Amino acid sequence: MSSIANIITETLTPEVRDAVNAPIEQARTLPRQAFTLDAFAAAEREYVFSANWCALYFTELLKPGDLVPIEFAGVPLFMVRDFDDTLRVFHNITPYDGCLVVIDAAVGVTEIRTPYHGWRYGLDGHLIATPYWDGTEEGTDLGELGDRPHRLVEVASAVWGPILFVNVDGQAGEFEDSVGSLQKALGGWDLDSLSVARDEQGLPLLDPENLATNWKTHLENWGINVLHEAFVHDLYNQSPEVPRMNLEGKTTFEHYIDDRVMSLKYQESDFPQTYPELPFPSLVKDTSDSLDTGYFGSFLPNLHFGVFSGLIHFIVSLPEGATRTRTIRAQFYAQDAAAGSEFLELRLMLAAGLAEAGREDARITEAVQKARSSPAFDSQYYSKRWDTMHHKFSQWVLSQFPE
């Protein structure tokens, strides 16, 4: 039995599976080993991140001729936009020498030159030349390679709105089928008009984070844990509308769960003191029934979103082992509002506010991650009123692994 099969069997025992799949009143979370062991993270690399269509990057950040190396769940990849505007993702390994194809990001390139032995590739991954392999400096006679593999290995990729997705093992089926629940949830917004927010110099207002926490711990906090808002975030703590419960003890939000989408869904008109109306151009389509709808949610396993009428905040979460997660965060507006001076002050203010909320969340998620090293409690339990999505998320993660 392989080491990955062993860790799945040892961590997800029949007793654990029964506890995770139990009704919420009796259910337990995944055990702490699922958050702390590198061996379990390796199993997730195979069964969760390689096997599903996952978010990787923001398309707008890639210009023609750009080469960008990126690590995804321990797998080295690189992204490139060709001059015909085609986006591609490749495994970042040279077939001959086993070195990375791209070590450092580059801009404006017309071909790829590998760093170890100088092999030259087109931006579409086909081999152009192998200097001195055939005894010539040009190395354009590729016949001596025979039938040995030499083309770069492309990763299945697709674009949805401003997000580049990949399926590393290529077995996840049609992208349109996979992303259907996300399109259904956010189809009322004009995703084609989105543009990343920029500062006074025209540079993207990105907010990358390196977190000492498991990707699941980060996800649990983002959109599926609602009750923490009033205790973790200063902004929410000042609002009389949070916690999201009315005087009759009923919650003022919906657990929106549809396949891989899990989200807090609410009506913006119910929270005017929490989310004041902003003068950005509306992203909501004229014929949409989403004019008053807001979301804080996730598209499993690693795309998170905060959706307002004039702003969408996207986070791409990139796991880096059991206890490390890197995130790329950005705000998106209608193109006319994303750059220039008209909305600059407001963009900068919101970027600073969202960054501060991110720091508040990071403090808590890193605390949860550290606490999961304690042997005192092997797992946690749920609130029936608040934790429906957390319960379903644990069950989704469990469902990705063979019994």
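The values are calculated or read from the model by the stated rules, or taken from the named source; none is laboratory data. What you see is a predicted model, and the numbers here were worked out from it, not measured in a lab. Every residue, glycine as well, gets a Cβ built from its backbone with ideal geometry; the counts of neighbours run over all protein chains shown.
Every residue in the stretch 83-141 that is out of contact with any Pro (no Cβ under 7 Å at 6 or more places or on another chain) and among the small types (Gly, Ala, Ser), please.
Listed by number, the residues that qualify are GLY98, ALA106, GLY108, GLY122, GLY125, ALA129, GLY135.
Condition check ((1) outside the structural domain of GLN331 (by TED's automatic domain parsing); (2) in a strand (DSSP E or B)) across all residues:
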{"position": "GLY173", "(1), (2)": "yes, no"}
{"position": "ASP192", "(1), (2)": "no, no"}
{"position": "SER195", "(1), (2)": "no, yes"}
{"position": "GLY202", "(1), (2)": "no, no"}
{"position": "THR213", "(1), (2)": "no, no"}
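Scan the stretch 1-24 and give yes if some residue there is in contact with a Lys or Arg (Cβ under 8 Å, 6 or more places away or on another chain), at pLDDT 95 or above and surrounded by fewer than 18 Cβ atoms within 10 Å (Cβ to Cβ), otherwise no.
yes
Can you find, within the stretch 98-117, the residue that is farthest from the chain's Cα centre (by Cα) among those that are more than 24 Å from ALA158 (Cα to Cα) and surrounded by 14 or more Cβ atoms within 10 Å (Cβ to Cβ)? Before the answer, list the steps.
Taking the stretch 98-117 as the starting set, the residues that turn out to be more than 24 Å from ALA158 (Cα to Cα) are 98-99, 113-117.
Pick out the ones that are also surrounded by 14 or more Cβ atoms within 10 Å (Cβ to Cβ) and you get 99, 113-115, 117.
Working: CYS99: 27, ARG113: 30, THR114: 29, PRO115: 29, HIS117: 34 Å.
This residue is HIS117.
How many residues are closer than 15 Å to GLN201 by Cβ and charged (D, E, K, R) when one looks only at the stretch 346-356? Steps first, please.
First pass over the stretch 346-356, keeping only residues closer than 15 Å to GLN201 by Cβ: 347-348, 351.
If we keep only those that are charged (D, E, K, R) as well, we get 347.
Number of matching residues: 1.
If only one of ARG363, ARG385 is surrounded by fewer than 19 Cβ atoms within 10 Å (Cβ to Cβ) and not in a helix (DSSP H, G or I), which one is it?
Working: ARG363 fails: not in a helix (DSSP H, G or I).
Among ARG363, ARG385, only ARG385 is surrounded by fewer than 19 Cβ atoms within 10 Å (Cβ to Cβ) and not in a helix (DSSP H, G or I).
So LEU205 clears everything in (1) more than 25 Å from LEU300 (Cβ to Cβ); (2) of a type outside the set (Gly, Ala, Ser); (3) surrounded by fewer than 17 Cβ atoms within 10 Å (Cβ to Cβ); (4) under 25 Å from the mean Cα position of the chain (by Cα) except one condition, right? Which one?
All conditions are met except number (3).
Taking VAL159, is it of a type in the set (A, V, I, L, M, F, W, C), at pLDDT 95 or above and touching a Ser or Thr at 6+ places or on another chain (Cβ under 6 Å)?
On the way: of a type in the set (A, V, I, L, M, F, W, C): yes; at pLDDT 95 or above: yes; touching a Ser or Thr at 6+ places or on another chain (Cβ under 6 Å): yes.
Yes; evaluated as a whole, the condition is true for this residue.
For the stretch 190-215, enumerate the residues that are under 30 Å from THR323 (Cα atoms), aliphatic (A, V, I, L, M) and either free of Cβ contacts under 8 Å to residues at least 40 places away in the same chain or touching a Pro at 6+ places or on another chain (Cβ under 6 Å) (or both).
VAL196
This table checks each residue for (1) among the hydrophobic types (A, V, I, L, M, F, W, C); (2) over 26 Å from ASN210 (Cα atoms).
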{"position": "ARG329", "(1), (2)": "no, no"}
{"position": "ALA334", "(1), (2)": "yes, yes"}
{"position": "ALA352", "(1), (2)": "yes, no"}
{"position": "ALA355", "(1), (2)": "yes, no"}
{"position": "GLN369", "(1), (2)": "no, no"}
{"position": "PRO402", "(1), (2)": "no, yes"}
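Would you mind finding the one in ARG81, ARG120, ARG113 that is in contact with a strand residue (DSSP E or B) (Cβ under 7 Å, 6 or more places away or on another chain), closer than 25 Å to ALA55 by Cα, of a type in the set (Lys, Arg) and not assigned by TED's automatic domain parsing to the domain that holds LYS285?
Step by step, each of ARG81, ARG120, ARG113 is checked, and only ARG81 is in contact with a strand residue (DSSP E or B) (Cβ under 7 Å, 6 or more places away or on another chain), closer than 25 Å to ALA55 by Cα, of a type in the set (Lys, Arg) and not assigned by TED's automatic domain parsing to the domain that holds LYS285.
Please specify each residue of the stretch 357-367 satisfying the condition of being over 18 Å from TRP215 (Cβ atoms) and out of contact with any Leu (no Cβ under 8 Å at 6 or more places or on another chain). Can you show your working first?
Step one: of the stretch 357-367, the residues over 18 Å from TRP215 (Cβ atoms) are 357, 359-360.
Selection gives ARG359, GLU360.
Suppose we filter the stretch 146-171 for residues that are in a loop (DSSP other than H, G, I, E, B) and touching a Lys or Arg at 6+ places or on another chain (Cβ under 8 Å); how many remain? Even if it seems obvious, please write down each step before you answer.
First, the residues of the stretch 146-171 that are in a loop (DSSP other than H, G, I, E, B): 146-153, 161-162, 168-171.
Okay, now just the ones that are also touching a Lys or Arg at 6+ places or on another chain (Cβ under 8 Å), so none.
The total comes to 0.
Would you mind stating whether LEU235 is among the aliphatic types (A, V, I, L, M) and part of a loop (DSSP other than H, G, I, E, B)? Let's see the steps before the verdict.
Details: among the aliphatic types (A, V, I, L, M): yes; part of a loop (DSSP other than H, G, I, E, B): no.
Here the answer is no, as LEU235 does not meet what is asked.
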